[in-house]
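The structure that follows is given in the form of C-alpha cells.
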C-alpha cells in the first residue's frame with residue numbers, strides 16, 4: 001500500500017474509535033502495522049530511507065492510536081506497550097509529537113492505577129497550574145493531572161488543576177472542553193459526598209453541552225443518575241440512566257451502550273430487583289464480549305456473580321455466582337484493576353460465608369483486606385505531596401484556603417450523609433474516628449415485612465411507578481419505626497427489615513416492635529394514583545414476621561457502608577415473614593413467651609393482644625416450630 005492509503009486507513013480507524021468501535025479500530029491499526037513491517041521493518045528504518053519521515057510518522061500514529069484503543073478496551077498492559085513504542089519513536093525522530101506521547105503514557109498509567117508513574121510523565125508536561133500556557137492542549141494536561149490527584153484522594157489539589165484549566169478554557173472560549181472539566185468537578189464532589197455541589201456542576205455541564213444537540217450527552221446523564229442514586233431519589237436516577245443509554249444508542253457509541261446497560265443493571269441490583277438486574281447486565285456482558293473489552297467483561301461478570309450470590313435473590317445460585325466472580329477477579333487481577341478486584345473478593349468471601357465454606361471465606365476476605373490496604377497506601381500520596389511541595393511555593397496560601405474549604409465541605413457532607421444512612425449513635429462513632437465497628441446484642445427483637453402479592457401488583461407498572469410505589473410504602477414504614485423507637489436496617493426489593501433493642505439497648509424492645517408491626521398493618525393505605533396499574537382481583541396487604549434473640553451488628557463496607565445485623569435469630573425472623581400470611585403478624589414461640597413475660601413484669605393487663613396458636617409447622621431451614629399470630633382483641 002502507498003503512504004497515502006495507509007494514512008487514510010489510520011484516519012478512518014480513529015473515526016471508528018470516536019464512535020466507540022475500539023475493537024474494529026484496533027484491528028485496522030494492527031493491519032497497518034503489519035503492512036508497514038512488510039514494507040520497511042521498524043528495526044531496519046534508517047534516516048537514509050526514502051520518505052523516512054512519512055513512514056516513521058505512520059509507525060508513530062499507529063502505535064499511538066493502538067494505545068488509546070487498547071486503553072478503552074481495558075487492555076491496559078498492552079496499551080502501555082504501544083504507548084511506550086510511540087514515545088520512543090517520538091523522542092528519537094518526531095520531537096513535535098513528544099508532548100502527545102507523554103500525555104498518552106500518563107493516561108495509560110492512570111488506567112493502571114499507578115498514580116506515581118502517571119504523575120512522573122505529566123510532570124514533564126506541566127510543572128504547576130500557574131505555569132499553564134493559554135492553549136487547549138496544556139489545559140488538557142492540567143485536567144489529566146487533576147484526575148490523578150482525584151484518584152489519590154487529594155481533592156483540593158485536583159480542584160486547583162481543574163480550576164486552572166477552566167480559566168484557560170474560558171479565556172479561549174472552548175465550551176466543549178469546559179463541559180468536560182465541569183463534569184470532572186461534578187464527579188469529584190459526588191465522590192466526597194457533596195451531592196448538592198455535584199448536581200450544580202453536572203447541570204452546568206449539561207447546559208453547555210445542550211448548545212449543540214448533535215453531541216454525546218450520555219456521560220453527563222450517567223453522572224447525574226449516579227448522584228440521584230446516591231441521594232436515594234431512585235425515580236430520577238433511573239430516568240437519567242435511561243437517557244444516557246438512549247443517547248449512546250442514538251450516536252452508536254457501542255462501548256457506552258454496554259456501560260450504561262451495566263449501570264442500569266447495577267441500579268436494579270441495588271434496589272433488590274434482581275431479575276431486571278440480570279437482564280440488563282447480561283446484555284451489557286454480551287456487548288462487551290463482542291467489543292472484546294476486557295475491563296467491561298470483568299466488571300459485568302462481577303455484577304452477575306454478586307447478584308447470583310445474593311441470598312435475597314429468588315434465583316440464588318452460589319455455583320454460578322462463584323464462577324462469575326472467579327472469572328471477574330482473574331481478569332481484574334490481570335488488568336491490575338485493584339478497585340474491582342477487591343470488590344469481587346469481598347462479594348466472593350460473603351458468598352463462601354453464606355455457604356459455610358469458612359476456610360475459603362477467610363482466605364478471600366484476607367486477600368480483600370490486603371488489596372484494600374494497598375489501594376489506601378500512603379506511598380503514592382506521599383510522592384504526589386512531595387512533588388506539590390516543590391512546585392507550589394507561590395500558591396501556598398491559596399492552596400491552604402482551598403484545602404480548608406474542601407475539608408469543611410467534605411466533613412459537613414459526610415456528617416449529613418452518615419446521619420441519613422446510619423443510626424445516629426453509629427455515625428457519631430464513625431465521625432469520631434472509630435474503625436471496625438462491631439457489637440454484640442444479647443437480646444433484641446427483629447421484624448421482617450413484605451408486600452403480599454407484590455409480583456402481580458407491579459407486573460404492569462412502569463419501572464418509575466414501581467420505585468415511586470415502594471418509596472411511598474417505605475417512607476411510611478420509616479415514620480412508624482421512628483415513632484416507636486425502632487431502627488430500620490434495610491430494604492430488599494419489596495422487603496423491609498427493622499430491629500428494636502439495638503444499637504441503643506432497651507428492655508421493652510418486644511413491645512416496641514409489636515406496636516410498630518400493628519401500626520404498619522393498620523395504617524398503610526394504597527394511594528389512588530396507583531390504582532390504575534393494579535390488575536383485576538389483585539389484593540394489597542402487609543405480611544410481617546417477628547422473632548427475638550441475640551445478634552452481631554456492625555458497619556460493613558468502605559465506600560458504601562451500611563449498618564447491618566447478623567445471626568440465626570435474623571434468619572428465623574425472615575422465615576416467620578416468608579411462612580406468614582397477608583395482613584397477619586407471624587411470630588415464634590420465643591417471641592410470644594418474651595412478650596408475655598414483659599406484660600407480666602410491667603403489670604400490663606390491658607395490652608389488648610391475642611396470641612393465636614398456629615400449631616407446629618415445618619419451617620425451611622429450621623425444622624418443626626411452634627408459631628403464633630398476633631391479633632388485636634375485639
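Just so it is clear, none of the values below were taken in a lab; they were calculated from the coordinates. These numbers were taken from a predicted model, which means no experiment stands behind them. Quick reminder, even Gly has a Cβ in these numbers, built from the backbone with ideal geometry, and neighbours come from all protein chains shown.
Using the number of other C-beta atoms within 10 angstrom as an exposure proxy, rank 253, 526, 348 with the fewest first.
526, 253, 348
If you average the C-alpha positions of region 50-106 and of region 551-617 separately, how far apart do those two centres end up, in angstrom?
Cα centroid to Cα centroid, the span is 65 Å.
Let me ask something additional. Given an 8 Å cut-off on Cα distances and at least 6 residues of separation, report the relative contact order of the chain as a percent.
8 percent
Another question, then. Let me see the pair-distance distribution of region 245-373: every alpha carbon pair, 10 Å bin width, integer percents in order.
Percent of Cα pairs in each bin: 15, 43, 32, 9, 1.
Please state the equivalent ellipsoid semi-axes for the chain: what are the square roots of 5 times the Cα gyration tensor eigenvalues, largest first, in whole Å? Don't skip to the answer; put the middle values down first.
Numbers: eigenvalues 586, 137, 105 Å².
Listed largest to smallest, the semi-axes of the chain are 54, 26, 23 Å.
Also: Which of rounded, prolate or oblate describes region 1-112 when judged by the alpha-carbon gyration tensor and an a/c cut-off of 1.5? Provide the component values of the computation, followed by the final result.
Values: a/c = 1.99, a/b = 1.29, b/c = 1.54.
It is oblate, given that a/c is not under 1.5 and a/b is not larger than b/c.
In degrees from 0 to 90, rounded to the nearest 10, what is the angle of the helix 254-270 Cα long axis to the longest principal axis of the chain?
Approximately 20 degrees, to the nearest ten.
Roughly how far apart, in whole Å, are the Cα centres of region 448-488 and region 191-248?
Measuring centre to centre over Cα atoms gives 26 Å.
With a point put 7 Å past each Cα toward its Cβ, work out how far residue 116 is from residue 360 in nm, to one decimal.
3.6 nm
Relative contact order, percent, of region 435-632 when contacts are C-alpha pairs under 8 Å separated by at least 6 residues?
It rounds to 25 percent for region 435-632.
Shape of region 170-318 from its Cα gyration tensor (a ≥ b ≥ c, root eigenvalues): rounded if a/c is under 1.5, otherwise prolate when a/b > b/c, or oblate?
It comes out prolate by the Cα gyration axes.
How compact is region 583-623 by the rule of thumb for globular proteins, expressed as Cα Rg over 2.2 N^0.38 Å?
Numbers: Rg = 12.5 Å, N = 41, 2.2 N^0.38 = 9.0 Å.
My calculation over the Cα atoms of region 583-623 gives 1.39.
Moving to a separate point now. Give the order of 454, 448 when sorted by the count of other beta carbons within 10 angstrom, beginning with the fewest.
By the 10 Å Cβ count, ascending: 454, 448.
Divide, for region 167-220, the radius of gyration over alpha carbons by 2.2 N^0.38 Å, where N is the residue count.
Relative to the 2.2 N^0.38 Å estimate, region 167-220 comes out at 1.12.
First check a/c for region 435-632, with a ≥ b ≥ c the square roots of the eigenvalues of its C-alpha gyration tensor; if it is under 1.5, answer rounded, and if not, answer prolate when a/b is larger than b/c or oblate otherwise.
Values: a/c = 1.67, a/b = 1.24, b/c = 1.35.
Cα axes put region 435-632 in the oblate bin.
Can you work out the FRET efficiency for the pair residue 528 and residue 52, with r the C-beta to C-beta distance and R0 = 60 Å, to the nearest 0.05? Spell out each step's value before the answer.
Working: r = 79 Å, r/R0 = 1.32.
Taking R0 as 60 Å, the efficiency between residue 528 and residue 52 is 0.15.
Which percent, nearest 5, of DSSP beta bridges in the chain are antiparallel?
Here the share of antiparallel DSSP bridges comes out near 95 percent.
Same structure again: Kindly provide the helix-only [θ] at 222 nm of the chain, computed as the sum of -39,500 (n - 2.57) over DSSP H runs of four or more divided by all residues, to the nearest 500 deg cm²/dmol?
It lands at -21000 deg cm²/dmol.
Can you compute the modelled spin-label distance between residue 601 and residue 196, with each label point 7 Å from Cα toward Cβ, in nm?
According to this spin-label approximation, the distance is 4.5 nm.
Let me ask something additional. Under a crude label model (7 Å from the Cα following the beta-carbon direction), how far is residue 176 from residue 432 in nanometres?
In this crude label model, residue 176 to residue 432 measures out at 5.5 nm.
Here's something else I'd like to know. Below 8 Å between Cα atoms, with a sequence gap of 6+, how large is the relative contact order for region 54-96 in percent?
Once divided by the residue count of region 54-96, the mean separation gives 44 percent.
Now, a different point. Take every DSSP beta bridge whose two residues both sit in region 435-632, then give the antiparallel share in percent to the nearest 5.
Percentage antiparallel, nearest 5: 95.
Provide 264, 271, 297 in ascending order of the number of other Cβ atoms located within 10 Å of each residue's Cβ, fewest first.
271, 297, 264
If packing is taken as the average count of other Cβ atoms within 10 Å, what order do 604-612, 437-445, 584-592 fall into, highest mean first?
584-592, 437-445, 604-612
Let me ask something else about it. Over all directions, what mean area does the Cα convex hull of region 551-634 project, stated in square nanometres? Walk me through the intermediate numbers first.
On the way: hull surface 30.8 nm².
Computing the convex hull of the Cα atoms and averaging its projections yields 7.7 nm².
Run the paramagnetic zone check for residue 210: 7 angstrom along Cα to Cβ, then residues of region 165-200 with backbone nitrogen under 12 Å.
none
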